[in-house]
1. Please go through region 9-58 and pick out each residue that is part of a loop (DSSP other than H, G, I, E, B), within 12 Å of residue 80 (Cβ to Cβ) and touching a Leu at 6+ places or on another chain (Cβ under 8 Å).
2. Of everything in region 42-76 that's of a type in the set (Val, Ile, Thr) and over 20 Å from residue 10 (Cα atoms), which residue is surrounded by the most Cβ atoms within 10 Å (Cβ to Cβ)?
3. Would you mind telling me which numbered condition in (1) out of contact with any Leu (no Cβ under 8 Å at 6 or more places or on another chain); (2) surrounded by 13 or more Cβ atoms within 10 Å (Cβ to Cβ); (3) among the β-branched types (Val, Ile, Thr) residue 2 fails?
4. Collect the residues in region 64-82 that are of a type in the set (Ser, Thr, Tyr) and free of Cβ contacts under 8 Å to residues at least 12 places away in the same chain, keeping them in residue-number order.
Amino acid sequence: MVPISIEKFVNKHCKNNPEENPVHLRESLIQAVKDKKKGATCTNCGQEIWAIGSAVSHLGCFSCLTGETDSSQDYEIDEVCWS
């Protein structure tokens, strides 16, 4: 995963999705980061959650939320990115 700060992600996402509420997105990201740090797992498969995807959808891992297995080029919040 590619580390990104919450603020940079909010700015990038809202630029590409102008209908998105940045305040709500920021709050959701902060909560998803807290959930991931507490060990939250995907409600579908039990793997570690993807904070960014979980903030905009539901508690889920990268693969369950995207249908893809390679997350090497996708963003994750830097506070929880361990690679």
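1. Within region 9-58, 40, 49, 50 qualify.
2. Going through the qualifying residues, I end up with 43.
3. Of everything listed in (1) out of contact with any Leu (no Cβ under 8 Å at 6 or more places or on another chain); (2) surrounded by 13 or more Cβ atoms within 10 Å (Cβ to Cβ); (3) among the β-branched types (Val, Ile, Thr), residue 2 misses just condition (2).
4. If the condition is that a residue be of a type in the set (Ser, Thr, Tyr) and free of Cβ contacts under 8 Å to residues at least 12 places away in the same chain, then 69 is the only one that fits.
Conditions tested, residue by residue: (1) at pLDDT 95 or above; (2) on the phi < 0 side of the Ramachandran plot; (3) in contact with a strand residue (DSSP E or B) (Cβ under 8 Å, 6 or more places away or on another chain).
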| position | (1), (2), (3) |
| --- | --- |
| 16 | yes, yes, no |
| 28 | yes, yes, no |
| 51 | yes, yes, yes |
| 59 | no, yes, yes |
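The values are calculated or read from the model by the stated rules, or taken from the named source; none is laboratory data. All of these numbers come straight from a predicted model, not from anything done at the bench. Positions of Cβ are generated from backbone atoms using ideal geometry, with glycine treated the same way; all protein chains shown enter the neighbour counts.
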